[in-house]
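Read through the structure below, which is laid out as structure tokens, and then see the notes.
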């Protein structure tokens, strides 16, 4: 078994044990929310591995939530059924979105996803008879698998983190075999990849649909966990939030998804808990500003993610001769993180 | 004489007013080595782009084994076995040398997203095969030692060899090399010629854009000369060397490329 | 060949785990070694779309904290008011409510600035059996009434009823309804539809708009076609002001009736001359100084306004008032029955004649809001200031 | 609904002029640097709020406006130096993400400084709205419309007549050639950000009397303006202005004749369509930038 395979097992063990040490409803809810974010973020990073970024991820997250909620609430299906159903629906939707948009140059694709995200959010608010409008949907049935009725935070903790680990494992596998090499080749140079017979468009689509599916699963579980949904958690702001997590973790680095979601969510909590002690009378105003600055700083100094970034800096400082992975340290004219700059005029090959 | 494997017929490409490639026609027979030469801006690379589907021709067509392939997307053409390298290096900088070559194997491997996602035995087996193939090819071009380095840390010359290795890993039937010796040392160039000959023996057909006349004289069976997008001459190297139109064309060029006719100084980059 | 990449991956995994443990410690830190004081949790939308409501709510909580401290807490026991920012996000609101309840052992929770936040928090209150004082006005929060959920603002249906009194008083037969397309506006629409039917009025046109719209003359023009007796606008500034402006700009002379959402000076500033003559239902806080001396609320309202402005250097508004009512009501309950959730709930449910900024609360098992139209006044804007409207 | 159409058109023009002004900022920066600057709307927000504050200090409106614009120009320059310049040559996506970060930072800081309450500015020329073709047009809208045209002319003159303008254009066409000519693309990008920051500020100040100004007005403004810019093809100022008016008209007409409330969605539906239909054009733009 590979080293990070063991890493996964170790992680699973720690996660399984965590509730035993810290099991207040708050901590569990926090961990559950983090788990859901991990799933979405890993999906986003899978997309990043093909050189694409989405600002519509919250929309897929929300569609998953609404689809599963409505199917179970209004049609009386079992959530055990509606969660996969919702995921498939959203994946199909993503496919339709991808058909025209994935052919766009990458930075126009972002805008397409942004547009989709905003449209979806407007529809959620607008289609009152179906979605309950801005006041949201109440009384969403909890998940029930066979005899087991998911009611407590603990139930969902194990469900969510099982899914999160699965998401990580799958993503890791995808990035480590033929498909993964193809994706990283596309990231490196579409032209180069195509010249070797890599079906760029097809892979882009696969990853896009998959990332949407990731978000949808998380959303669907969220709906049955919180049991109340409204459009606000699925707005453009949420998409930006997910993007921040992905960026903190490193946009092309699966494990970063785990770290990014954890770090950002906890940073949020820590700031919340500690800032008032440092400056009394401080409101939450700082949050937005802090995130914004965080985003900028990371994109400038750690384009390949905080952890990897710091590792590189360290290695760069101690001047270890370049070996794989370590060579990601920044050099003035080459900037890793999102593939090679398509603008040779500004650096690229010196 | 055997029927041509690759046929370029009346191929034309215009950019606005300029005609980069003008009704060019020639054929390449199996296991042949054809060199394409011509002054800078003669349309050589454009010709490659047209053949490999990175550019759509304004008119004319390309046939492969008698089948029309113009209009196919570049990845399809590559999948058919027509693989190219680039004049301006296109290596996957963030991947290791070995991984670069493994991407080359994409063409003849099959496992997809699902296999990978579930890490099915098929995917693992394939990885083994691919890794082996990669090692062989790297050994062939003499990059074995640097297998685990990031591609972007290689010097230009070795990056060019890497591109070649990557293309070889694809096990092409027709291999299009765009200035493969640019930036190579004399030693590397000689080694490259070796490799090219061995490939031909193994049954590969090659089309090479080349400035270094030594390579052309030694390596090529036939030479196609382009000037201002038109084919001005075609024939065995010796003939071409004496062809007045060719010499005129080069004399019309600046001395730097004129040097292309006399043995090129080693390491001369494009 | 990807060995080191993997090991980097492992580093991230480890980093993540470390972050979890460390983060939880830090985030949970306030809980450690603090059991003595009675704690009241508050969760307001200090930032995000609803911040203009959440900010004064939080500032009120901070103000009450210092007042309680100087007063020596309740019966000698110190009281600690914990304030959290939900960023107008229901998920975060629930999360923070759970934190207040399970980490800080808050005895009860006040908050839920927007109705989606309150809805989500109310569901948790019902699961965890924690008294929850919602500061959102959505009708569905207290209709039907839920055991642990109490509502501080005059629920939208009451505000709508009050607004209706105006329409009846001026014998309006038709009106057009322009509303911001969110929980606030949609809730108002439902209520107004119901009352219009009761009073045999017809809503000739309904026009939704987005909170981010920069001009509403298209909606106004549509409404004008039906030439209604009155233009009713259900929103908050800036759109509430833009609507008023556009109505006048398009030369409509009909009366404008707005919602309790414009109960702050910003509306008057933004609408300028168009604000003149606009009528809206509001809590009595706005016109406290115009209330007759015998009005039981008068003294309290003036005190709250005075204290708030002293503490925060901007004028008090009704939203902060809701937070004030929620917290003081809890303090009152704790004073009588001690820090026991079940008994607090019991006490609140039968609380009668409690004087708050929002009105005089008369709770009952069927009604966890306990306010009526008598607790609101119709206010008219006159010379850029608020006057009690009289027929 | 005969009486409806003229008003809808005038409304469309009013809103359109707002989007047009924001769109111009986008185009300016994209032309020179190839960056889509999502902090563009925030410049307008800053301009409007700063101006409001200065008025509070009893400066005259023209003076306050002037100071505010100058200040925002500096902010724009600072943004370029602190966030864009260090990442020069990054992948376009990286730069887009950075601008989103900057926009969040601006929003957060403004909330701290100005709070959540909306501010407003007096109309430049107060007075009743103008009656024309059976509809009414706010006087301030005339300013916005006039300004959008004036700016286009200004830019045209700047680019075609002035030396720095020519330099900027050169960089837009080919950063590499530009370097050969000894013009630093980096300096040009500084110029571009400073200019379009000022442009954004002017826009904010002109529209504040119509819409009011809040700390969070930037994002939605920026996005709408961006849609306008895309419709205009992203590289052509006059086209962007036309795009702005188109978006405005589409919004008001859909609000007027279809069911209102969806207008937000429709705007971005248009963006999607334009992106997909113009794909070729856009791609060319993108490639020209990258070549």
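Each value in this text was obtained by applying a stated rule to the coordinates, not by laboratory testing. Just so it is clear, the structure is predicted and the values come from calculations on it, not from any experiment. We place every Cβ from the backbone using ideal geometry, glycine too, and count neighbours over all the protein chains shown.
P(r) of the stretch D:23-73 in 10 Å steps, Cα pairs, percent per bin?
Cα pair-distance distribution for the stretch D:23-73, in percent: 27, 40, 24, 9, 0.
For the stretch C:207-259 and the stretch B:172-238, what is the centre-to-centre distance using only Cα atoms, to the nearest Å?
77 Å
What does the convex hull of the alpha-carbon atoms of the stretch C:213-365 project to on average, in nm²?
Mean projected area of the Cα convex hull: 12.2 nm².
Quick check of the Kirkwood formula: for the stretch C:140-289, what is the inverse mean of 1/r over all pairs of different Cα atoms, in Å? Walk me through the numbers on the way to the answer.
Working: mean 1/r = 0.0643 Å⁻¹.
Result for the stretch C:140-289 stands at 15.5 Å.
Taking neighbour counts of Cβ atoms within 10 Å as a proxy for exposure, in what order, fewest first, do C:11, A:49 appear?
Least to most surrounded, the residues fall as C:11, A:49.
Above 34 Å lies some portion of the pair distances; for the stretch D:5-290, what is it as a whole percent of all C-alpha pairs?
Tail of P(r) above 34 Å: 17 percent of Cα pairs.
Give the whole-number value, in cubic angstrom per residue, of the convex hull volume spanned by the C-alpha atoms of the protein assembly as shown.
Convex hull volume per residue, Cα atoms: 180 Å³.
Take the alpha carbon gyration tensor of the stretch A:3-235, find the square roots of its eigenvalues, order them as a ≥ b ≥ c, and report rounded if a/c is under 1.5; if not, report prolate when a/b exceeds b/c, else oblate.
Numbers: a/c = 2.27, a/b = 1.26, b/c = 1.80.
It is oblate, given that a/c is not under 1.5 and a/b is not larger than b/c.
Calculate how many DSSP beta bridges within chain B are antiparallel, expressed in % of all such bridges and rounded to the nearest 5.
Antiparallel bridges make up about 55 percent of those DSSP assigns within chain B.
What is the ratio of the Cα radius of gyration of chain C to 2.2 N^0.38 Å, where N is its residue count, to two decimals?
Normalised Rg, Cα atoms only: 1.07.
Dividing the convex hull volume of the Cα atoms of chain B by its residue count, what figure in Å³ per residue is obtained?
For chain B, the hull spanned by Cα atoms encloses 137 Å³ per residue.
Please give the direction-averaged projected area of the C-alpha convex hull for the stretch A:99-186, in square nanometres with one decimal.
That works out to 9.6 nm².
I need C:224, B:146, C:173 ordered by Cβ neighbour count within 10 Å, fewest first.
Ascending Cβ contact count within 10 Å gives the list C:173, B:146, C:224.
Calculate log10 I(q)/I(0) of the stretch C:297-391 for q = 0.13, 0.16, 0.20 Å⁻¹, where I(q) comes from the Debye formula with a single equal point scatterer on each Cα and nothing for solvent.
-0.54, -0.77, -1.06
If you take the alpha carbon radius of gyration of the stretch D:30-171 and divide it by 2.2 N^0.38 Å, what ratio comes out, to two decimals? Write down the numbers at each step before the final one.
Working: Rg = 18.1 Å, N = 142, 2.2 N^0.38 = 14.5 Å.
It is 1.25.
Does the stretch C:137-224 come out rounded, prolate or oblate, given a ≥ b ≥ c as the square roots of the eigenvalues of its C-alpha gyration tensor, rounded meaning a/c under 1.5 and, failing that, prolate meaning a/b above b/c? Before the final figure, lay out each step's value.
Details: a/c = 2.68, a/b = 1.34, b/c = 2.00.
The shape class here is oblate.
Please work out the C-alpha center-to-center distance from the stretch B:27-86 to the stretch C:152-198 and express it in whole Å.
Between the Cα centre of the stretch B:27-86 and that of the stretch C:152-198, the gap is 73 Å.
Translational D (Stokes-Einstein, µm²/s) of the stretch B:37-170 at 20 °C and 1.002 mPa s when Rh comes from the Kirkwood sum over C-alpha pairs?
131 µm²/s
Antiparallel DSSP bridges in the protein assembly as shown: what percent, to the nearest 5?
Here the share of antiparallel DSSP bridges comes out near 45 percent.
In what order do D:114, C:234, A:6 fall by count of nearby beta-carbon atoms within 10 Å, going from fewest to most?
So the residues, fewest neighbours to most, are A:6, D:114, C:234.
For a test of the definition: using alpha carbon positions, the gyration tensor, and the 1.5 limit on a/c, classify the stretch A:166-298 as rounded, prolate or oblate.
prolate
Hey, how many Å between the Cα centroid of the stretch B:133-156 and the Cα centroid of the stretch A:1-57?
First find each Cα centre; the distance between them is then 36 Å.
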